[in-house]
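The block underneath contains the structure these notes are about, expressed in structure tokens.
The values are calculated or read from the model by the stated rules, or taken from the named source; none is laboratory data. Since this is a predicted model, take the numbers as computed values, not measurements. Every residue, glycine among them, receives a Cβ derived from its backbone with ideal geometry; neighbour counts consider all protein chains shown. Ligands, DNA and RNA are excluded from the accessible area calculation, which covers all protein heavy atoms including side chains. Shrake-Rupley method; radii C 1.70, N 1.55, O 1.52, S 1.80 Å.
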Amino acid sequence: MKSLDAAGGGPEDLAAAARDDAGSRQVTREIRHLAMRLAEGEPDFRELAAAHLGDLLIGACKTGRDTSSIVLPLAEALVRENDPLVQEEIAHFLGHLVEYGTVPQALVEPLQECLPRLSAEAAAYVADLLEAARWDV
């Protein structure tokens, strides 16, 4: 039987993998919690939840991690959101997808449908997203 060190997976590697797994589970719980906060409560709380999810989205984009678990709650919230400040916060962070070149095609239809009812500021971010998605095809 090979030792972990001989296989290239020493105790340090196992500890790092365990930390990564625990960190991943924590982030997943945090995303779920923030998505719930984004769906209910006062606009100030929804705006803060959008900002926190946005920070997680930027981090995921910068490190090349999958963003779908963050993008989906943000996009769903934007489709149903009526408060212009919350709309702008959500759209601002979704706009970072353009910067990192990762605009999912699944966002196009829902964003096109909600575009006419968005505040001017949010609509500008969404228009940029839709334009970038057009070029990603």
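Across 85, 94, the residue with the most accessible area heads the list, and the full order at a 1.4 Å probe is 85, 94.
What the phi angles of region 54-63 give under the Karplus curve with 6.51, -1.76 and 1.60, with θ = phi - 60°, is a coupling list of x, 4, 5, 4, 4, x, 5, 4, 5, 9 Hz, glycine and proline written as x. Here the accessible area is traced with a 1.4 Å probe on the protein chains. For region 20-87, carbon and sulfur cover 54 percent of it. When nucleic acids and ligands are ignored and a 1.4 Å probe is applied, residue 24 ends up with an accessible area of around 70 Å². Derived scalar couplings between HN and Hα for region 88-96 equal 5, 4, 5, 4, 4, 6, 4, x, 5 Hz in order, rounded to whole Hz, by the Karplus curve 6.51 cos²θ - 1.76 cosθ + 1.60 (θ = phi - 60°), x for Gly and Pro.
In this label model, residue 121 and residue 79 are separated by 2.5 nm, measuring between points 7 Å along each Cα→Cβ vector. For region 22-110, the solvent-accessible area of protein heavy atoms averages 53 Å² per residue (probe radius 1.4 Å; ligands and nucleic acids excluded).
Phi-derived couplings, Karplus 6.51 cos²θ - 1.76 cosθ + 1.60 at θ = phi - 60°, listed residue by residue for region 117-125: 9, 7, 4, 4, 5, 5, 4, 5, 4 Hz, with x used for Gly and Pro.
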